[in-house]
């Protein structure tokens, strides 16, 4: 059955987001007049596969090479009106409101307590150079890019600019509004502060495309700081986003039939402080570069604790095991009060970058498949899980680092979790790794934890490794510490496990070693029911018969411990021994058909996990 998992890995390796990556701001010169930027997007629909994520045509974005400073019109805003450095065409002035009606480069300077700039619909090739502009609107957005327009907002080097809307609700609902079908790019080296006093800071409508290439952007918003229903991409710049709801969001309305809801983060430095989600995409969320630091502070319910109830069952007491784990796996996670670090509706792919999350809700959450094959992730959740995914989770890449510093459950997948490479470290107040969902024996392989390579270290107060389906180990290194009580297990496998290679070390309270680890032959592993006493800073080593250290790990547990070990590093496992703080412990060698001999744990079946 484990070979089916290898087949799944091959399939995952071929899954490539079918979204046109944006390599430049070049627009399609042959675009028909009046066509919208989302013309290549197929029909919408929910999906949990990278192959089915909707494509987005980004050719409508303006070509930066066409920005001509020579001949540019300069407009100066005051509270009394707008003046131009010379007469020209392609614009209209009504009091303190400027409307751009033709392609060209327009320089905007000055300050106005009640003014606005609007780009007319279906106007391509508009370059707005902000060079010391402070603009507040009393009735709507300070800057509006109308339907199917193509606009570049350029921040002049050294300039400081401000755009604000009123606190009262208004039709645009944002300080900067990019209407349906518009394509807007932000670049330059200057500074822009956006205050979304009514609702959003910067908002893109149905079919809109928003790209940030560079610049220093600060957004403070009553709702979402930076949002675009269709497609949002960040390639560079320094962004500081503060929101009473979400920091970055791509979420089409129910009646929106053209938007993909995709977010691409390829570079830049992004700092987000949000009450809602830090980053939320209804479609694909891709992180390939840059530095992202997210803090969410919303009030959310405590994540269901799978060690509540009787967890794996108290040894020798005859309680059916797995009550708490099964119940929590079947519970749906409500998004009514969502304060997740990063959330994706259909698919999440992380290939690079530095991500740091401190959240009250799940640090990472995906409604579909999640692939992590690069980058450095540091995740903290005060009330929920480190990584929660409803689809398959795959971690690969030698340089990949995932550190879950604090969470209730470290990693939960309602489908499967495959570790091919990289390092994963987990510190959990409940289960370390949990393959959840309602699982039957015929469906065990679809809810499998498979280790083919890499390194996993788990510190768990609940079950260390808890699979409601299967556990396959074919390579890599896994070290599991915990629990320290008899209500959970270090290794808790419900239906089937298989070992073909790698190194597995399990350390727990001596009455909490495992519920059931089935499918082994005699001599495949070493164990000791009592491995001595751990003082909370204990070094545990496993050595071969010649004294070579095969694995050495610090153990944070306190009290009497049991140790479980298997490896393919030696052909003579029976000659291996443990050391606990330098004291040699002679283990037993054997196999397991349940929990017999290891404290009589309940397993997921009454009477010690019997088949």
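Of note:
- One Cα centroid belongs to the stretch 548-585, the other to the stretch 377-395; the line between them spans 30 Å.
- Once the Cα-Cα distance is subtracted from the 0.36 nm per residue extended length, the residue 574 to residue 269 segment shows a gain of 104.5 nm.
- Put in line by how crowded their Cβ is, counting other Cβ atoms within 10 Å and starting with the fewest, 373, 171, 160 read 171, 160, 373.
- Whole-Å distance, taken between Cα centres, linking the stretch 493-512 and the stretch 243-287: 39 Å
- Tensor-based shape of the stretch 100-208 (alpha-carbon gyration tensor, a/c under 1.5 rounded, otherwise prolate or oblate): oblate
- Ordered by the count of other Cβ atoms within 10 Å of each Cβ, fewest first, 80, 390, 447 give 80, 390, 447.
- Between residue 291 and residue 588, the modelled label-to-label distance comes to 5.3 nm, taking each label 7 Å out from Cα in the direction of the beta carbon.
- FRET E, pair residue 485, residue 68, Förster distance 60 Å, beta-carbon r, rounded to 0.05: 0.25
- Theoretical gain in end-to-end length, residue 102 to residue 171 [0.36 nm per residue, Cα-Cα removed]: 22.4 nm
- Residue order, fewest to most surrounding Cβ atoms within 10 angstrom, among 254, 244: 254, 244
- For the stretch 423-447 and the stretch 46-124, distance of Cα centres in Å: 51 Å
- For peptides 199-208, 557-566, sequence by mean Cβ density within 10 Å, most packed first: 199-208, 557-566
- Take 245-251, 359-365 and order them by the average number of nearby Cβ atoms within 10 Å per residue, most first; the result is 359-365, 245-251.
- Computed label-point distance, nm, for sites residue 255 and residue 302 using a 7 Å Cα→Cβ extension: 4.3 nm
- Cβ-Cβ distance of residue 238 and residue 552, R₀ of 51 Å, FRET efficiency by 1/(1 + (r/R0)^6): the value works out to about 0.75.
- Overall shape: oblate for the stretch 375-468, with the ratio a/c of the largest to smallest alpha carbon gyration tensor axis at 1.5 or above and b/c at least equal to a/b.
- For the stretch 61-266: span of alpha carbons on each principal axis (Å, largest first): 45, 36, 32
- Anisotropy class of the stretch 418-462 from Cα gyration tensor, a/c 1.5 cut: oblate
Values in this text are rule-based calculations from the coordinates and carry no lab data. Note that the structure is a prediction, hence the values are computed from the model and not measured. Cβ: placed from backbone, ideal geometry, glycine included. Neighbour counts: every protein chain shown.
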